[in-house]
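Working notes for the structure below.
The values are calculated or read from the model by the stated rules, or taken from the named source; none is laboratory data. The shown structure was predicted, so the numbers you read here are calculated from the model rather than taken from an experiment. Every residue, glycine as well, gets a Cβ built from its backbone with ideal geometry; the counts of neighbours run over all protein chains shown. Areas reflect the complete protein model, heavy atoms only, side chains present, ligands, DNA and RNA absent. Shrake-Rupley method; radii C 1.70, N 1.55, O 1.52, S 1.80 Å.
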Amino acid sequence: MTASKKEEPIIEVKHLSKQYNIGVDTTYKTLSESFTSAVKQPIKTLKDFRRQNETFWALKDVNFEVERGEVLGIIGRNGAGKSTLLKILSRITSPTQGEVRMRGRVGSLLEVGTGFHPELSGRENIYFNGSILGMKKKEIDEKFDEIVKFSGVEKFLDTPVKRYSSGMQVRLAFSVAANLDPEILVVDEVLAVGDAAFQEKCLGKMSEVVESGRTVLFVSHNMGAVQNLCQRCILLNEGHLITNGKTADVINYYLNTGLQVADKSIFKRDVSKKKLFFTDINLYNTKGEIRTKFTSDENILIAINYNLNVQLTGAQITFEIFDQNGICILSSTNFDSNIKMRTLSQKPGEYIATCPINVDFLRNGLYYITISSSVPNIEILDIVEFATRFEIESPLDITTLLGQSRKGVIFKNFVWQINQY
Ligand SMILES: Nc1ncnc2c1ncn2[C@@H]1O[C@H](COP(=O)(O)OP(=O)(O)OP(=O)(O)O)[C@@H](O)[C@H]1O
Ligand SMILES: [Mg+2]
C-alpha cells in the first residue's frame, strides 16, 4: 500500500431505491371503526383499498459517494426524496433495492420527533441517543452540560419529550446531534423550525462541525445556507439524482431549469397528519384573472388556499418571494398588518388568505413564491417551497427608462431634483 492511496469514501450509495405504498393510512383504527366507515362510505372505502396497493418509487437508482470531511448539500423540491434518502442513511428505514456503506458513526437530525423516545425525558433521551451513537456513559457525561446549554431546554430536562413543543424538540435534537461528536452529521431542514436566533446558532454550530473535519450531509431549501456550508451538492427530482457537482453549479441548474416549481401536483401530499395544509396558490391581476405574467406597474393579488384539520389559534401565514438566484427579496405575513391575527382562532375547514402587492420595485425576470405557516416559536404547520412562479415583463418604456443592466436586486423609480446654487 502506498501513502498516496486514496482513502475510501466515508459514504457509498449504490443503486439505491425506495418504494412506498401510496395512501396507506398508518393511524390506528379499531375494527369497528373501519367497518362503520366502510358501511357509511362503501365506494370511497373500496377506492381506498385499491389505492393501498399502488406503489411508487420515492428514490430510484441513486448513486453517489461522499469523501471524509466533505459537506454535501442535498436539494430538490418538496417530495423529491431528500428526507427518504437521509432516513435510509440514518437507518430509520431500509432501502427496497441497492446498498449503502457508511464508514463512521452517524448523528442525525431528521424530522421533528424522529430519534427521540416520546415517553422518555429530555435527559434520558440525551443518554439514549448517545448510546445509539456507541458512546460510553462517561463520554456522554462530559458532553451533557454543553448539550443542555446549547438547547436551552434546561427547565424541561425531566419532562417527557412528548410534552415538548416541536420547536423545543428540534432545539434538543440539534444539540444532541451536533454535540455528541458523530463522524457523520446528517441534518434535515433544521432551519425551518425555530426562531431566527436559533437558526443562526445552528448554522454557526454546523460550521464548527465542518471546520473540525466531520462529514456533513445537509438538506435544506435555504439556498443561501446551502451555498455557505456545502462545497458539493446533489439535486434530487422525483427520486432521481439529476446532478452532482459544485454547489453553485447545482443551485444554478436547479433554479434555472424550472425544476423547483411543479405544476399543481406540488400540493398532492400526504396531509392526513397536518393540522394546517396548503391546497393551492394563485396570482390574480386587477381584472380578477389568474395570471403568471405581469408588468411591474400592475398589482398582483396573491391568493393562498389552505385547510385546517383541527381548530387552531394564532396560525401565521407567510409568503416569501425569491428571485432567479434563490435570493429572498421579500417576505410578508398576515400578522404584519393586523395584530388581531395573532390570536385569531380558526375552526376546521377551508380558508383563503389574500394579499394584494404592488410590484413596481421588481426588475424583469422570473420570481418564485414559497408559502409557509406556523404558530410562531411553537410549531411549523406547513411549507410549500416554490409553490408558484411568476414573470415580470415590463413594457419597453419602463425597461428603457430604468435600464435592466444596472445593479441591484430590486429597482425603484425615485424622484430626483437638480438645483443650481
Ligand atoms: N412513509 C411513507 N409512505 C408513503 N409515502 C411516503 C412516505 N414517506 C414519504 N413518502 C413520499 O415519498 C416522496 C418523497 O418524500 P420525501 O419526504 O423524501 O421528500 P422530500 O424531498 O424530503 O420533501 P420535502 O422537501 O417536502 O421535505 C413523497 O412523495 C412523499 O409523499
Ligand atoms: Mg423532507
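Below, the figures for the structure above:
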quantity	calculated
Residues satisfying the stated conditions in segment 216-236, i.e. within 16 Å of ligand 1 (Cβ to nearest atom) and touching a Phe, Trp or Tyr at 6+ places or on another chain (Cβ under 7 Å)	V226, I234, L235
Unique match (being open to solvent by less than 20 Å² (accessible area, probe 1.4 Å) and either under 25 Å from E208 (Cα atoms) or at pLDDT 85 or above (or both)) among T247, T243, T279	T247
Condition broken by L255, with the remaining ones in (1) at pLDDT 85 or above; (2) more than 16 Å from ligand 2 (Cβ to nearest atom) satisfied	(1)
Test result for C202, in contact (Cβ under 8 Å) with a residue 40 or more places away in the chain and either open to solvent by 50 Å² or more (accessible area, probe 1.4 Å) or not basic (K, R) (or both)	no
Test: residue in segment 184-192 that is more than 16 Å from ligand 1 (Cβ to nearest atom), part of a helix (DSSP H, G or I) and open to solvent by 10 Å² or more (accessible area, probe 1.4 Å)	no
Residue that is most open to solvent (accessible area, probe 1.4 Å), among those in segment 218-232 that are part of a helix (DSSP H, G or I) and either farther than 14 Å from S207 by Cα or not β-branched (V, I, T) (or both)	N228
Filtered residues of segment 164-199 (kept if acidic (D, E) and modelled with pLDDT under 80)	D181, E189, D195
Residue match in segment 51-74 (condition: of a type in the set (D, E), within 16 Å of ligand 2 (Cβ to nearest atom) and modelled with pLDDT under 90)	no
E298 being within 24 Å of S332 (Cα to Cα), among the acidic types (D, E), without any contact (Cβ under 8 Å) to a residue 12 or more places away in the chain and away from ligand 1 (no atom under 16 Å from the Cβ)	no
3 or more residues touching a residue at least 60 places away in the same chain (Cβ under 8 Å) and open to solvent by less than 50 Å² (accessible area, probe 1.4 Å): qualifying strands (runs of 3 or more DSSP E) within segment 307-385	365-375
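Conditions (1) part of a loop (DSSP other than H, G, I, E, B); (2) away from ligand 1 (no atom under 15 Å from the Cβ); (3) among the β-branched types (V, I, T), marked per residue:
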| site | (1), (2), (3) |
| --- | --- |
| L85 | no, no, no |
| T93 | yes, no, yes |
| E119 | yes, yes, no |
| F128 | no, yes, no |
